[in-house]
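Please read the structure below before turning to the comments.
The values are calculated or read from the model by the stated rules, or taken from the named source; none is laboratory data. Because the structure is predicted, anything quoted here is derived from the model rather than measured. Positions of Cβ are backbone-derived with ideal geometry, glycine not excepted, and every protein chain shown enters the neighbour counts.
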């Protein structure tokens with residue numbers, strides 16, 4: 001694991017023992033952003049913003065900046081992503097984290113973990129394709145598998161982190177926002193070669209019950225405006241599993257779902273977007289037609305997430 005401190009040891013008060021903030025998880029943890037050359041890590045992930053805030057209050061704190069783009073709950077435990085295993089010396093991320101916590105016992109003040117979102121990223125096909133002839137689709141069997149793995153594997157992750165960190169180390173997980181609400185910008189059946197509009201075409205809010213619900217259909221469903229209700233049910237089911245698993249191990253939860261208004265379909269004024277869709281467009285790259293659509297947060301979104309974590313730090 002590679003540390004990334006915001007200040008060097010000379011900035012610490014004389015004789016002060018260095019303390020650690022360990023961040024774990026997926027691409028959100030390491031600030032991945034879209035670029036012309038493809039997704040790339042940046043120093044502006046939510047963990048970086050959170051660390052800068054914590055460092056201002058305690059210059060003895062060091063950031064052990066872990067996390068790896070592409071990690072899902074399964075690879076976090078078992079490995080299987082080559083560039084991640086290379087980062088962790090041939091081990092899965094959980095084993096590297098356990099080793100760090102053991103070697104720095106009593107000196108880790110905070111652990112943050114963000115895992116689960118990538119259980120679904122491969123379930124949407126064709127979102128980046130042009131001229132797909134019918135538009136992107138969502139594989140519901142893939143979604144069901146992703147939910148099942150979150151329900152069974154996050155408790156394992158939470159238990160192992162708590163055991164390695166000990167009872168006194170603060171651990172904070174998070175719920176997820178719903179980037180796929182951007183599907184509301186596409187008319188039913190719209191081809192991805194058509195550039196999405198900045199708001200639903202007639203200004204009418206999308207009925208979240210217009211399409212199928214979770215568990216009501218097997219196979220593929222279209223990724224368009226009718227997908228909103230299904231996506232919301234998936235998000236709520238996923239986040240409830242995360243909350244339950246973390247609570248069982250005395251791990252606090254930053255409520256990113258609420259911070260992004262993820263279930264709020266209210267339209268504040270005529271002709272505007274629903275609150276949850278507006279948040280996705282404001283805080284992620286999903287509505288950006290130059291570098292997106294991309295599920296990652298922009299700097300504004302990362303700041304919102306960092307603030308949710310900061311509000312819980314003891």
Leading residue by the ranking (nearest to the chain's Cα centre (by Cα)) among those in the range 17-29 that are surrounded by 15 or more Cβ atoms within 10 Å (Cβ to Cβ) and over 18 Å from residue 300 (Cβ atoms): 26
Taking the residues in the range 120-139 that are surrounded by fewer than 19 Cβ atoms within 10 Å (Cβ to Cβ) and under 19 Å from residue 231 (Cα atoms) as candidates, determine which candidate is modelled with the lowest pLDDT. 128
Of the residues 165, 182, only one is surrounded by 15 or more Cβ atoms within 10 Å (Cβ to Cβ) and modelled with pLDDT of 95 or more; which? 165
From the list 112, 121, pick out the single residue that is within 16 Å of residue 27 (Cα to Cα) and touching a helix residue (DSSP H, G or I) at 6+ places or on another chain (Cβ under 7 Å). 112
Just checking, how many residues over the range 270-314 are more than 14 Å from the chain's Cα centre (by Cα) and assigned to a helix (DSSP H, G or I)? 10
Please state which of the following conditions residue 157 fails to meet, knowing it meets all the rest: (1) modelled with pLDDT of 95 or more; (2) part of a helix (DSSP H, G or I); (3) under 25 Å from residue 38 (Cα atoms); (4) in contact with a helix residue (DSSP H, G or I) (Cβ under 7 Å, 6 or more places away or on another chain). (3)
Just wondering, is there one or more residues in the range 74-94 that are surrounded by 21 or more Cβ atoms within 10 Å (Cβ to Cβ), touching a strand residue (DSSP E or B) at 6+ places or on another chain (Cβ under 7 Å) and closer than 27 Å to residue 38 by Cβ? yes
Filter result for residue 261 (in contact (Cβ under 8 Å) with a residue 12 or more places away in the chain, farther than 22 Å from residue 113 by Cβ and not in a loop (DSSP other than H, G, I, E, B)): no
